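Participant: Take this structure first; my questions come after.
The values are calculated or read from the model by the stated rules, or taken from the named source; none is laboratory data. Since we're looking at a predicted model, the values are computed, not measured. Cβ: placed from backbone, ideal geometry, glycine included. Neighbour counts: every protein chain shown. Protein only, heavy atoms only, side chains kept; ligands, DNA and RNA dropped before computing areas. Shrake-Rupley method; radii C 1.70, N 1.55, O 1.52, S 1.80 Å.
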Amino acid sequence: PTFSVAEIRKTFLDFFASKGHTIVPSSPLVPGNDPTLMFTNSGMVQFKDVFLGTDKRPYTRATSVQTCLRAGGKHNDLENVGYTARHHTFFEMLGNWSFGDYFKRESLKWAWELLTEVYKLPAEKLLATVYEEDDEAYDIWTQEIGLPPERVIRIGDNKGGRYKSDNFWMMADTGPCGPCSEIFYDHGPHIAGGPPGSPDEDGDRFIEIWNNVFMQFDMAEDGSVKPLPAPCVDTGMGLERLAAILQHVHSNYEIDLFQALIKAAARETHIDDLETPSLKVIADHIRATAFLVADGVIPSNEGRGYVQRRIIRRAIRHGYKLGQKTPFFHKLVKDLVAVMGDAYPKIREQEARITEVLKVEEERFFETLANGMDILDSALAGGAKVLPGDVAFKLHDTYGFPLDLSNDVARERGLSVDEAGFHAAMEQQKSQARAAGKFKMDRALEYTGAANAFTGYTQLSEAAKVV
Ligand code: ATP
Ligand code: MG
Ligand code: MG
Ligand code: MG
């Protein structure tokens, strides 16, 4: 059968509800009160304190469809968008949790039951990984579920860079963590890539769809771990990756929801070829930026607001690459509402506001984009391999080009940016600004000093703090 994304969400929640789980709504992209995390990067974020034992819920089993953003901090996939079949900045994670209730056996068996009996994925195309020392999970897969041993792969924690993948999951650099077992789908030999743990595992043939984390520890800043009050389960499956399989396509970008957004991006940029990579980037970024606005993040020059600004400007630059010279990006909000507004009414309710926030940012960036691109183009022309740091800085400082945007352009042409030079130029400008600020302050003090020696003194100590 083929499933729409709406059917996939509902089937998932119904399945876990039938196994005694309480359905919990998605939390916002901005985690409440958690300085260790920039954005909600997985379904467990809203339950972090429940794992740590400092928050109690009226249930011990939960399930949700969580909106996630991986564009800053740990688990950053911004640079993967447009390059792999499976990564987005914004995506939806299907999850189920046990808070000191069931553990490995139920978790893995239910995952298998849902995938093979409900969604009816062909069992012979599925593989599993387990943490290298986790004999218990290995035995559940091979002896109880019946997966052939050659399709159960042991993978370590990536210490020393042995593997690219990593079967020890952490939400952030500190906090709840534990060994995990992941389920992969083999899209077939016509696609490049090796199985998990192999040298070419980064390809898109074997795609990771579901991570089952056995939450057991709380990691401190120094890397030491102490056991959680009770062993817990935390799982996460990418909705778009599962949808690709169930809709018989390879890439997440080919599923129903994304095709609608890609067509809208093509309409606004007047492009016929729906395979054009920039359309995927634009389709990805409209989701991320619209949901960020809905969750209260507006473009700014620092913190979350700067991530928001970077994503919007990246999308606009891709539109510019396709020939757009005037604002277009905000016009995709209505298309997003059409495909995601039923599942997330907040974007429908805030449609006008989201459109306006994006439009303002777009108008602003279009004022400097063309001139900035001319500078970038000429700096990258004529066989240069690296964009000089001072040019990248000038683009940043005068034309509003975030470093990652210049990087994105350079990478498209097989070139790179001198990032160390960029940071050095930025430092130099900061120290010049500090020196100039001190000069102004001294002049101000001379003046107030004449009028009132005492105020001058207070200001002097304030000035000392500033410099
Ligand atoms: P990958 O190795 O493919 O980057 P991951 O190991 O980083 O994935 P997890 O942190 O284990 O992913 O997250 C659980 C699940 O969420 C993954 O198995 C995948 O289905 C989905 N997922 C993770 N990152 C993304 C993303 N950037 N876009 C879409 N889905 C994702
Ligand atoms: Mg990843
Ligand atoms: Mg992985
Ligand atoms: Mg994983």
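Participant: Does Asp204 meet the test of being open to solvent by 50 Å² or more (accessible area, probe 1.4 Å), part of a loop (DSSP other than H, G, I, E, B) and charged (D, E, K, R)?
Facilitator: Numbers: open to solvent by 50 Å² or more (accessible area, probe 1.4 Å): no; part of a loop (DSSP other than H, G, I, E, B): yes; charged (D, E, K, R): yes.
Considered against the rule, which asks whether it is open to solvent by 50 Å² or more (accessible area, probe 1.4 Å), part of a loop (DSSP other than H, G, I, E, B) and charged (D, E, K, R), Asp204 comes out as no.
Participant: For Ile153, which of the numbered conditions (1) under 29 Å from Asp404 (Cβ atoms); (2) within 16 Å of ligand 3 (Cβ to nearest atom); (3) not small (Gly, Ala, Ser) fails to hold?
Facilitator: The one condition Ile153 does not meet is (1).
Participant: Met441 versus (1) modelled with pLDDT of 50 or more; (2) in contact with a Gly (Cβ under 6 Å, 6 or more places away or on another chain); (3) over 30 Å from Glu362 (Cβ atoms): which is the lone unmet condition?
Facilitator: (2)
Participant: Next question. Residues in segment 319-333: is at least one out of contact with any helix residue (DSSP H, G or I) (no Cβ under 9 Å at 6 or more places or on another chain), in a helix (DSSP H, G or I) and at negative phi?
Facilitator: If we filter segment 319-333 for residues that are out of contact with any helix residue (DSSP H, G or I) (no Cβ under 9 Å at 6 or more places or on another chain), which is where we start, we get none.
No, because not a single residue in segment 319-333 is out of contact with any helix residue (DSSP H, G or I) (no Cβ under 9 Å at 6 or more places or on another chain), in a helix (DSSP H, G or I) and at negative phi.
Participant: What do you reckon, is Ala338 in contact (Cβ under 8 Å) with a residue 40 or more places away in the chain and small (Gly, Ala, Ser)? Don't jump to the end; show me each part of the working.
Facilitator: Values: in contact (Cβ under 8 Å) with a residue 40 or more places away in the chain: yes; small (Gly, Ala, Ser): yes.
Here the answer is yes, as Ala338 does meet what is asked.
Participant: Is there a residue in segment 244-256 that is in contact with a Cys (Cβ under 6 Å, 6 or more places away or on another chain) and β-branched (Val, Ile, Thr)? Step through it out loud before you land on a result.
Facilitator: First pass over segment 244-256, keeping only residues in contact with a Cys (Cβ under 6 Å, 6 or more places away or on another chain): none.
Looking for residues that are in contact with a Cys (Cβ under 6 Å, 6 or more places away or on another chain) and β-branched (Val, Ile, Thr), one finds none in segment 244-256, hence no.
Participant: Quick check on my filter: what residues within segment 1-51 are β-branched (Val, Ile, Thr), in a helix (DSSP H, G or I) and either open to solvent by 50 Å² or more (accessible area, probe 1.4 Å) or within 30 Å of Val249 (Cβ to Cβ) (or both)?
Facilitator: Residues of segment 1-51 β-branched (Val, Ile, Thr): 2, 5, 8, 11, 22-24, 30, 36, 40, 45, 50.
Going one step further and asking which of them are in a helix (DSSP H, G or I), we end up with 5, 8, 11, 45, 50.
Hits for segment 1-51 are Val5, Ile8, Thr11, Val45.
Participant: Test of understanding: among Glu79, Glu92, Glu7, which residue is touching a residue at least 24 places away in the same chain (Cβ under 8 Å) and either more than 16 Å from ligand 4 (Cβ to nearest atom) or of a type in the set (Val, Ile, Thr) (or both)? First the steps, then the outcome.
Facilitator: Details: Glu92 fails: either more than 16 Å from ligand 4 (Cβ to nearest atom) or of a type in the set (Val, Ile, Thr) (or both); Glu7 fails: touching a residue at least 24 places away in the same chain (Cβ under 8 Å).
Within the list Glu79, Glu92, Glu7, the selection yields Glu79.
Participant: Return the only residue of Thr129, Thr67, Thr84, Thr116 being touching a Pro at 6+ places or on another chain (Cβ under 7 Å) and either of a type in the set (S, T, N, Q) or under 19 Å from Ile311 (Cβ atoms) (or both). Please lay out each step first, then the result.
Facilitator: Values: Thr67 fails: touching a Pro at 6+ places or on another chain (Cβ under 7 Å); Thr84 fails: touching a Pro at 6+ places or on another chain (Cβ under 7 Å); Thr116 fails: touching a Pro at 6+ places or on another chain (Cβ under 7 Å).
Within the list Thr129, Thr67, Thr84, Thr116, the selection yields Thr129.
Participant: For residues that are farther than 19 Å from Ala343 by Cα, of a type in the set (A, V, I, L, M, F, W, C) and out of contact with any Asp or Glu (no Cβ under 6 Å at 6 or more places or on another chain), scanning just segment 17-51, find the one that is farthest from ligand 4 (Cβ to nearest atom).
Facilitator: Out of the qualifying residues, it is Val50.
Participant: Right, next: With the checklist (1) closer than 21 Å to Asn80 by Cα; (2) open to solvent by less than 10 Å² (accessible area, probe 1.4 Å) in hand, flag the one item Phe214 doesn't pass.
Facilitator: Of (1) closer than 21 Å to Asn80 by Cα; (2) open to solvent by less than 10 Å² (accessible area, probe 1.4 Å), only one is false for Phe214: (1).
Participant: Still on this model: Taking the condition part of a helix (DSSP H, G or I) and away from ligand 2 (no atom under 16 Å from the Cβ), does Ala230 pass? Walk me through it before giving the result.
Facilitator: Numbers: part of a helix (DSSP H, G or I): no; away from ligand 2 (no atom under 16 Å from the Cβ): yes.
Against the criterion (part of a helix (DSSP H, G or I) and away from ligand 2 (no atom under 16 Å from the Cβ)), Ala230 does not qualify.
Participant: Quickly run through segment 52-77 and pick out the residues that are touching a Leu at 6+ places or on another chain (Cβ under 9 Å), open to solvent by 20 Å² or more (accessible area, probe 1.4 Å) and among the polar types (S, T, N, Q).
Facilitator: Result: no residue meets the conditions.
Participant: Right, next: Considering each residue of segment 164-198, count those that are assigned to a loop (DSSP other than H, G, I, E, B), surrounded by 23 or more Cβ atoms within 10 Å (Cβ to Cβ) and touching an Asp or Glu at 6+ places or on another chain (Cβ under 8 Å), and give that number.
Facilitator: Filtering segment 164-198 down to residues assigned to a loop (DSSP other than H, G, I, E, B) leaves 164-167, 171-174, 187-198.
Adding the requirement that they be surrounded by 23 or more Cβ atoms within 10 Å (Cβ to Cβ) leaves 167, 171.
Then drop every residue that is not touching an Asp or Glu at 6+ places or on another chain (Cβ under 8 Å), which leaves 167.
The qualifying residues number 1.
Participant: So which residues in segment 78-93 are part of a loop (DSSP other than H, G, I, E, B) and either buried (at least 21 other Cβ atoms within 10 Å of the Cβ) or more than 6 Å from ligand 1 (Cβ to nearest atom) (or both)? Show your work before the answer.
Facilitator: Kept after step one, since they are part of a loop (DSSP other than H, G, I, E, B), are these residues of segment 78-93: 81-89.
Within segment 78-93, Val81, Gly82, Tyr83, Thr84, Ala85, His88, Thr89 qualify.
Participant: Read through the list (1) away from ligand 1 (no atom under 13 Å from the Cβ); (2) open to solvent by 50 Å² or more (accessible area, probe 1.4 Å), then give the number of the only condition that Met219 fails.
Facilitator: (2)
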